[in-house]
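Notes follow once the structure below has been shown.
Values in this text are rule-based calculations from the coordinates and carry no lab data. All values derive from a computational prediction rather than experimental measurement. Glycine gets a Cβ as well: all are built from the backbone with ideal geometry, and neighbour counts include every protein chain shown.
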Amino acid sequence: MSSSKKKTGLGTSAFFTPQADESDALSSPTEPVAEVKEKPAKPKKVRTTITLYPETLAAMELLKVNARRTGKKVTLSDVFAEAVDALMIQKGLSLDQLT
């Protein structure tokens, strides 16, 4: 066994904060209890491959950059979905017509 007194690990302090007395901690908490925030469920996506004209891709990137200026994390999938939704409305179509 080594006779060195050098500390090499964090021990329980890595996981638990030391408290003076457990009875004091239970009667008067010093830290407010944090609320647990649930992450919203991710929408279901389907991976596919499409071929775009260079001008179409440039336009989609421009739309993405413009949408990100509002502070939202927008992807090309979001831009594509918005464009398809607008085209469906313009053509007077709905997904209900598929069934």
> What does the charge add up to near Ala83, with Lys and Arg as +1, Asp and Glu as -1, over the other residues with Cβ less than 15 Å from its Cβ?
Replying inline: -3
> Which of rounded, prolate, oblate describes the stretch 46-99, given a ≥ b ≥ c as roots of the alpha-carbon gyration tensor eigenvalues and a/c under 1.5 marking rounded, otherwise prolate only if a/b is larger than b/c?
Replying inline: prolate
>> At 0.36 nm per residue, and after removing the present C-alpha to C-alpha distance, how many nm does the segment from Ala81 to Leu62 gain when stretched out fully?
In response: 5.3 nm
